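Enquirer: Below is the structure I would like to discuss, written out as structure tokens.
The values are calculated or read from the model by the stated rules, or taken from the named source; none is laboratory data. Quick caveat, the model's predicted, so the values are computed rather than measured. Cβ: placed from backbone, ideal geometry, glycine included. Neighbour counts: every protein chain shown.
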Amino acid sequence: MIVITETVEIEVGGSRMRTLVVAPKTASSAPVPGIVLYSDIFQLTGPHVRSCVRLAGHGFVVAAPEIYHWIEPAGAAIPFDDAGRTRGLDDAARTPVAHFDADCRAALDWLAADPRVAKGKLGVAGFCIGGHLAFRGALQRDVRATVCFYPTGLDAGKLGKDADAGSLARAREIRGQLLLVFGENDPHVPLAARTRIESVLHDARTNFQTLLFPAEHAFMRDEGPRFDPAATDQAWAQAIAFLKRSFS
């Protein structure tokens, strides 16, 4: 499916959140589900843009906000190097969870108002810190499907400026379906963390499932030594099938 891209600015609490929007190029077709797709700490880099295009090509309107728009200049894509990693982590540490939550609500509202998006069919997904942000998105009452790709900090609650955002503790608020994707050799979400996440979700009677791949952290980012093409293809195939089932 051919896609088109555009950049929009969404007003959030006096700040303008630059957001990449990728949608199927089907002007006369019926509306499709809308997905907020969160990046990792490096914002809208080449790999993330390609992820947006890939997902949109399967029949979704994808909105990818710049998660640090409160701090970084518009259009800032952080380099994949040591300095960039420090910069991204520092930006995260300076951002309160209240800002992340407000951003999510604004992005969802923007999608809900877009005529290309089917009424009542909203979802959230994300990678790394974006996986945790996606979990926060699942707490929104109108989100029907969520995919968290190796969500960092979810087990202990650490997110942004907040030492404990209490995300897992609110699992009972999730009304939609949830998919978690992990790498077996991920030091940021090790076995103990995965076990805790699944235990809490099970106790909360959340409608969830998990996928585990023999891969490292950020194995779906198609730049760098940890990229695993085979695992990435499998993860995308199962995540897209999950989203389609959730919206059917």
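Enquirer: Output the residue which, of all residues in the stretch 145-191 that are touching a His at 6+ places or on another chain (Cβ under 9 Å) and not in a loop (DSSP other than H, G, I, E, B), is nearest to residue 211 (Cα to Cα).
Expert: Checking each candidate, the answer is 183.
Enquirer: Considering each of 112, 118 in turn, give the residue that is more than 13 Å from the chain's Cα centre (by Cα), in a strand (DSSP E or B), more than 16 Å from residue 17 (Cα to Cα) and touching a residue at least 24 places away in the same chain (Cβ under 8 Å).
Expert: 118
Enquirer: Please enumerate the residues belonging to the stretch 166-179 that are surrounded by 14 or more Cβ atoms within 10 Å (Cβ to Cβ) and either modelled with pLDDT under 95 or out of contact with any Gly (no Cβ under 8 Å at 6 or more places or on another chain) (or both).
Expert: Within the stretch 166-179, 170, 171, 174, 175, 177, 178, 179 qualify.
Enquirer: Going residue by residue through the stretch 85-106, is there one that turns out to be under 23 Å from residue 228 (Cβ atoms) and surrounded by fewer than 16 Cβ atoms within 10 Å (Cβ to Cβ)?
Expert: Yes, the stretch 85-106 contains at least one residue that is under 23 Å from residue 228 (Cβ atoms) and surrounded by fewer than 16 Cβ atoms within 10 Å (Cβ to Cβ).
Enquirer: If a residue must be in contact with a Gly (Cβ under 7 Å, 6 or more places away or on another chain) and either aliphatic (A, V, I, L, M) or within 18 Å of residue 146 (Cα to Cα) (or both), how many such residues does the stretch 180-215 contain?
Expert: 1
Enquirer: Could I ask something else about it? Restricting to the stretch 113-135, name every residue that is out of contact with any helix residue (DSSP H, G or I) (no Cβ under 8 Å at 6 or more places or on another chain), of a type in the set (Gly, Ala, Ser) and buried (at least 24 other Cβ atoms within 10 Å of the Cβ).
Expert: Within the stretch 113-135, 130, 131, 134 qualify.
Enquirer: Here's another thing I want to ask about it. If only one of 205, 194 is touching a residue at least 12 places away in the same chain (Cβ under 8 Å) and part of a loop (DSSP other than H, G, I, E, B), which one is it?
Expert: Result: 205 is the single residue among 205, 194 that is touching a residue at least 12 places away in the same chain (Cβ under 8 Å) and part of a loop (DSSP other than H, G, I, E, B).
Enquirer: A follow-up question, please. Between 122, 139, which is of a type in the set (A, V, I, L, M, F, W, C) and touching a strand residue (DSSP E or B) at 6+ places or on another chain (Cβ under 6 Å)?
Expert: Only one candidate passes the filter, namely 122.
Enquirer: Tally time: how many residues in the stretch 191-206 are exposed (fewer than 14 other Cβ atoms within 10 Å of the Cβ) and either touching a Leu at 6+ places or on another chain (Cβ under 6 Å) or not small (Gly, Ala, Ser) (or both)?
Expert: Of the residues in that region, 5 qualify.
Enquirer: Show the residue pairs meeting these rules: Cβ distance below 9 Å; 6+ apart or different chains; first residue within the stretch 94-108 and within 17 Å of residue 37 (Cβ to Cβ) and touching a residue at least 60 places away in the same chain (Cβ under 8 Å); second residue in a helix (DSSP H, G or I) and charged (D, E, K, R).
Expert: Qualifying pairs under 9 Å: 100/136; 104/136.
Enquirer: Another question about this same structure. Out of the stretch 58-77, which residues are touching a helix residue (DSSP H, G or I) at 6+ places or on another chain (Cβ under 6 Å) and among the aliphatic types (A, V, I, L, M)?
Expert: Residues satisfying the conditions are 62, 63, 64, 71.
Enquirer: Go over the candidates 94, 18, 54 one by one and state the one that is in contact with a strand residue (DSSP E or B) (Cβ under 7 Å, 6 or more places away or on another chain) and among the charged types (D, E, K, R).
Expert: Going through 94, 18, 54 in turn, just one is in contact with a strand residue (DSSP E or B) (Cβ under 7 Å, 6 or more places away or on another chain) and among the charged types (D, E, K, R): 18.
Enquirer: Right, something else. Can you name the residue in the stretch 208-248 that is among the hydroxyl-bearing types (Ser, Thr, Tyr) and either exposed (fewer than 13 other Cβ atoms within 10 Å of the Cβ) or without any contact (Cβ under 8 Å) to a residue 40 or more places away in the chain (or both) and is also nearest to residue 191 (Cα to Cα) among such residues?
Expert: 210
Enquirer: What are the residues in the stretch 186-228 that are within 15 Å of residue 127 (Cα to Cα), out of contact with any Asp or Glu (no Cβ under 9 Å at 6 or more places or on another chain) and acidic (Asp, Glu), if any?
Expert: 222, 223
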